[in-house]
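Throughout, read-outs are computed from the coordinates displayed, never taken from laboratory work. Since the structure is predicted, the reported quantities are computational estimates derived from the model, not experimental observations. Cβ: placed from backbone, ideal geometry, glycine included. Neighbour counts: every protein chain shown.
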Amino acid sequence: MSAVVAYLDVAATTRVDPRVANVVLHWMTEEFGNAGSRTHEYGAQAKRAVQQARSFIASTVNAKTEEVIFTSGATESNNIALLGLAPYGEKTGRKHIITSAIEHKAVIEPLTHLRDNRGFDVDFLTPASSGRISAQAVLEKLRPDTLAVSLMHVNNETGVIQPVAELAEKLRATPTYLHVDAAQGYGKVPGDLAAPIDLISISGHKIGAPKGIGALVTRRRGWDKIPLEPIMFGGGQERKLRPGTLAVPLIVGLHEAAKIFRDSHDRWERDARAMRERILQALGTTRFRLNGDPTHSVPHILNVSFDQLNAEALIVRLKDQIAIATGSACTSASYTPSHVLQAMGLDSDTAANGLRLSWFPSQVQDFDPTPIAQTIASMQPADNGA
């Protein structure tokens, strides 16, 4: 791949930080023990490393060490949280769940399964045109039989931050559990996740860790555990909620990536905002629409639609200069209008042609958006003032 291609798709995945890669390799080739092996030092070392990682990840969201279980990523965490709560809902007659129409498919599809196959009533709330769900809109939908609310932290297509901390404080006094898919927000907006959220899904590969590792935070309410039941069986690891041999190298990699991101967060945020301003300034020479509320957004994600330009044609035209996407990597092969932009009330043409630009500033330090903007402007038909 050409070295001149600027990678602007970190919302899909990030490059593994070289420091993280070195740690992962060490735990693959040197200290390679199974954390479940009790009879030798290799296993004891692995177990200590996992416990240190668990404790650190817990500290980043103001949770207890024992409240963190390791998974393969946010998709698995979402499934354990939502499908794992379902039996409790069925036993107690609480089969109502509130979510939003802008969730990732990793939340929408498990909830659709519960609705279509297990008789759950699921409310999919639509956001304002800003892309934000109001906490009040969620609270107005609460019923005596509401088992859970599932609301993402940061939208993966627009970068809009949802009011999960506000909602957590208000739901804590109710029997309704709050699940937050924090795949895009973990590490970036850390204060929100310190709120009393019951269930938090984390993905490592959004912050420089390898793909295939994540976590689920299951925060107690006082002495009461979240009443989750496993959706897989065999071995009893991770408090029987996620059985299977622990991926020690990946867990240690997540630990290292989370430490690096925490320590560099202030600089990351400052530089990401500066890059955002440079991109928007350059795009001022084009006719574009910014999709999503800029006052409630993470600094490193932009979603834009360009007047009279097809997004796929634009991606092809720019593929030798920048790597960008139309939206979620999980659904990008379908070439259908974004369900997120449609839920925001945007017209079908805008929803079908939204482009997502997302970056880590340290990886695109020399990126100049001006030539990209010039190419886009040259592709747009002349504005006749109509």
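Counting each pair of different Cα atoms once, what's the Kirkwood radius of region 82-203 in Å, rounded to one decimal? Intermediate values should be presented prior to the final figure.
Values: mean 1/r = 0.0700 Å⁻¹.
Kirkwood hydrodynamic radius for region 82-203: 14.3 Å.
Ordered by residue, what ³J(HN,Hα) values in Hz, to whole numbers, does region 260-266 give under the Karplus form 6.51 cos²θ - 1.76 cosθ + 1.60, where θ = phi - 60° and Gly and Pro are x?
These are the phi-based 3J(HN,Hα) values: 4, 5, 4, 5, 9, 4, 4 Hz.
Please give the peptides 279-286, 147-154 ranked by average Cβ packing (other Cβ atoms within 10 Å per residue), highest first, as a rough proxy for protection.
Sorting 279-286, 147-154 by mean packing, highest first, produces 147-154, 279-286.
Cβ under 13 Å from L25's Cβ, L25 left aside: what net charge do those residues give with Lys, Arg +1 and Asp, Glu -1? Could the numbers behind the result be given before it?
On the way: positive: R19; negative: D17, E30, E31, E256.
Neighbour charge sum, excluding L25 itself: -3.
What is the helix-to-structure angle for 370-379, meaning the angle in degrees between its Cα long axis and the longest Cα principal axis of the chain, kept from 0 to 90 and rounded to the nearest 10?
60 degrees
How far is helix 105-118 tilted, in degrees, relative to the longest principal axis of the Cα atoms in the chain, given as a value from 0 to 90 rounded to the nearest 10?
For helix 105-118, the angle is close to 60 degrees.
Provide the per-residue ³J(HN,Hα) series for region 123-130, in order, calculated from phi with Karplus coefficients 6.51, -1.76, 1.60 and θ = phi - 60°, each as a whole number of Hz, with x at glycine and proline positions.
The phi angles translate into 9, 9, 6, 9, x, 5, 4, 6 Hz.
Please report the antiparallel percentage of DSSP beta bridges with both residues in the chain, rounded to the nearest 5.
55 percent
All other residues with a Cβ under 11 Å from the Cβ of G234 taken together, and with Lys, Arg as +1 and Asp, Glu as -1, what is their net charge?
With Lys, Arg at +1 and Asp, Glu at -1, the net is +2.
Quick one: helix 41-60 against the long Cα principal axis of the chain, what's the angle to the nearest 10°, folded into 0 to 90?
60 degrees
What is the sum of charges around V154, taking Lys and Arg as +1, Asp and Glu as -1, for the other residues whose C-beta is under 14 Å from the C-beta of V154?
Details: positive: R132, K188, K206, R356; negative: E103, E157, D181, D192, E269, D293.
So the surrounding residues net to -2.
For region 82-97 and region 206-261, what is the centre-to-centre distance using only Cα atoms, to the nearest Å?
So the separation of the two Cα centres works out to 22 Å.
Can you give the Kirkwood hydrodynamic radius of region 160-275 from its Cα pairs, in Å with one decimal?
That comes to 15.8 Å for region 160-275.
Determine ³J(HN,Hα), in whole Hz, for all residues of region 71-82 in sequence, where each value follows from phi through the Karplus function 6.51 cos²θ - 1.76 cosθ + 1.60 and θ = phi - 60°; x replaces Gly and Pro.
3J(HN,Hα) across region 71-82, in whole Hz: 9, 7, x, 5, 4, 5, 4, 4, 5, 4, 5, 7.
For the chain, what is the calculated [θ] at 222 nm in deg cm²/dmol (nearest 500), taking -39500 (n - 2.57) for each run of four or more DSSP H residues and dividing by its residue count?
Working: 13 runs with 146 residues, N = 386.
Helix contribution divided over all residues of the chain: -11500 deg cm²/dmol.
Taking a cut-off of 30 Å, what percent of all Cα-Cα pairs in region 19-262 are separated by more than that?
Value for region 19-262: 24 percent of Cα pairs lie more than 30 Å apart.
Counting just the Cα atoms, what span does region 261-362 cover along each of its three principal axes? Round to the nearest Å and put the largest first.
Extents along the principal axes: 40, 28, 24 Å.
Percentage of Cα-Cα pair distances in region 6-116 greater than 22 Å, rounded to whole percent?
The share of Cα pairs beyond 22 Å in region 6-116 comes to 56 percent.
Can you list the lysines whose alpha carbon is less than 22 Å from that of K225, not counting same-chain residues fewer than 8 positions off?
Straight-distance partners of K225: K64, K91, K95, K170, K240.
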